[in-house]
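The values are calculated or read from the model by the stated rules, or taken from the named source; none is laboratory data. These numbers come from a predicted model, not from an experiment. Please note: Cβ atoms are built from the backbone with ideal geometry, for glycine as well, and neighbour counts cover all protein chains shown. Areas reflect the complete protein model, heavy atoms only, side chains present, ligands, DNA and RNA absent. Shrake-Rupley method; radii C 1.70, N 1.55, O 1.52, S 1.80 Å.
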Amino acid sequence: MANWNGDIAKIALPTPFAVGDVNVYVVKGDALTLIDTGVKTKRSKEALTNGLGDLGLKLTDIEQIILTHHHPDHAGALDFFEKDIPVYGHKNNQRWLTISDEFLETHNRFFLDYAKKFGVAEELKNKLIHNRDEIRFLSERKLHGYLAEGDELPCLPGWKVIETPGHAQSHLSFYRESDGVMIAGDHLLAKISPNPLMEPPLLPGGMRPRPLLQYNASLQKLLDFPISTVYSGHGSEVAGDAVADLIQYRFERQHNRAMQVKSMLQDKPLSVFEVCQQLFPKVYLQEVGLTLSETVGQLDYLEDLGEVQTEIQSGVILYSIA
């Protein structure tokens with residue numbers, strides 16, 4: 001049952017994804033605000049309607065929507081709301097909310113190109129591309145306004161924007177200095193470490209983002225803030241006195257994983273896909289997009305440390321110990 005905690009109420013909504021429920025937040029201010037929407041399914045809409053009902057509200061009472069990032073469990077249900085309701089988020093959301101044919105083509109060309117560079121088996125390459133049927137959980141919407149580092153949230157005095165890219169290139173967290181409350185989307189979760197996901201560069205032909213390096217930098221950034229509570233996109237809240245320890249734990253776990261990857265290169269150079277097969281022997285066939293993102297992230301981290309080097313053979317990038 002949803003309840004107010006001061007001027008914030010959490011509503012947990014079901015998703016069809018392995019991560020389970022997603023949390024959305026109703027925040028009182030000069031406009032009644034919903035932070036994130038859940039996924040675009042009948043079950044999610046029923047749960048959102050019921051959760052708002054617990055608070056004495058209806059869907060039509062929501063006056064504006066603010067997005068932490070574009071992933072379908074967070075932004076997919078924009079279609080539950082009227083087209084004229086203001087929606088705000090990072091500018092990098094928009095390409096995922098417009099879903100033009102041009103963007104789909106750019107997205108698919110990027111992943112097929114990297115599938116070749118990563119040495120992905122031919123029969124798995126199509127798992128990395130999207131078509132219209134596969135993006136049914138997204139809603140098409142034009143952002144009313146863009147949010148960037150240091151901005152105050154519209155109609156929510158005292159709430160400031162922190163850019164926290166890594167898990168998504170569009171990811172934002174929101175912080176209120178007066179009481180140290182943070183709404184962090186998928187940036188910091190109590191029980192799991194979010195997967196920093198590969199995305200096409202913002203400009204076609206540009207350098208691909210290094211999402212794990214971004215994610216680590218964004219985590220480090222949180223240590224500069226006196227936080228009382230982190231409201232997360234999945235699972236329970238993180239108390240402020242646990243934030244620094246949790247971030248350090250995430251860093252250590254990730255570093256240890258990278259050292260495990262480095263040990264795989266002891267005998268011979270390997271492609272990203274060959275490392276991925278060793279790192280995720282049971283699931284890489286089913287979740288090749290997620291597992292490749294994790295794998296190349298660890299290799300980016302090792303390369304940034306100077307622990308590995310690369311060479312290209314027959315169009316495939318091979319990694320070896322430096």
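Per residue of the chain, what 222 nm ellipticity follows from adding -39500 (n - 2.57) for every DSSP H run with n ≥ 4, rounded to the nearest 500? Walk me through the intermediate numbers first.
Values: 8 runs with 103 residues, N = 322.
Rounded to the nearest 500, the figure is -10000 deg cm²/dmol.
With the highest mean first, a sort of the peptides 91-97, 278-284 on other beta-carbon atoms found within 10 angstrom per residue produces 91-97, 278-284.
The Glu152 and Glu82 beta-carbon pair, evaluated with R₀ = 25 Å, returns a calculated FRET efficiency of approximately 0.50. Computed from the alpha carbon atoms alone, the convex hull of region 259-322 holds 78 Å³ per residue.
Students often get this wrong, so check it: of Lys91/Lys125; Lys91/Lys160; Lys28/Lys83; Lys28/Lys58, which have C-alpha atoms separated by over 18 Å?
Values: Lys91/Lys125 29 Å; Lys91/Lys160 16 Å; Lys28/Lys83 21 Å; Lys28/Lys58 14 Å.
As for pairs spanning more than 18 Å Cα to Cα, those are Lys91/Lys125; Lys28/Lys83.
Stokes-Einstein diffusion of region 78-162 at 37 °C, 0.692 mPa s viscosity, Kirkwood radius from Cα pairs, rounded to a whole number: 213 µm²/s. Between helix 101-118 and the chain there is an angle of about 40 degrees, using the helix long axis and the longest principal axis of the Cα atoms.
If I stretch the segment between Lys28 and Lys142 completely, what's the gain in nm (0.36 nm per residue apart, minus their alpha carbon distance), one decimal?
Values: separation 114, 0.36 × 114 = 41.04 nm, distance 2.36 nm.
Roughly 38.7 nm would be gained on extension.
Protection proxy ranking for 59-67, 141-149, using the average of other Cβ atoms within 10 Å per residue and placing the highest first: 59-67, 141-149.
For region 206-322, the carbon plus sulfur part of the accessible surface works out to 50%, probe radius 1.4 Å. Based on Cα atoms of region 1-103, Rg over Rh with Rh as the Kirkwood radius reads 0.96.
Using the heavy atoms of the protein chains and a 1.4 angstrom probe, tell me the accessible area per residue for the chain in square angstrom.
Working: 14670 Å² over 322 residues.
For the chain, the solvent-accessible area averages 46 Å² per residue.
Stokes-Einstein diffusion of the chain at 37 °C, 0.692 mPa s viscosity, Kirkwood radius from Cα pairs, rounded to a whole number: 160 µm²/s. Can you give me the pair-distance distribution of region 210-310, C-alpha pairs, 5 Å bins, whole percents? Result, from short to long distances: 2, 11, 20, 20, 16, 13, 10, 5, 2, 0 percent. Net charge dipole, region 227-322: roughly 240 debye, given to the nearest 20, about the Cα centre with Cβ charges of +1 for Lys and Arg and -1 for Asp and Glu.
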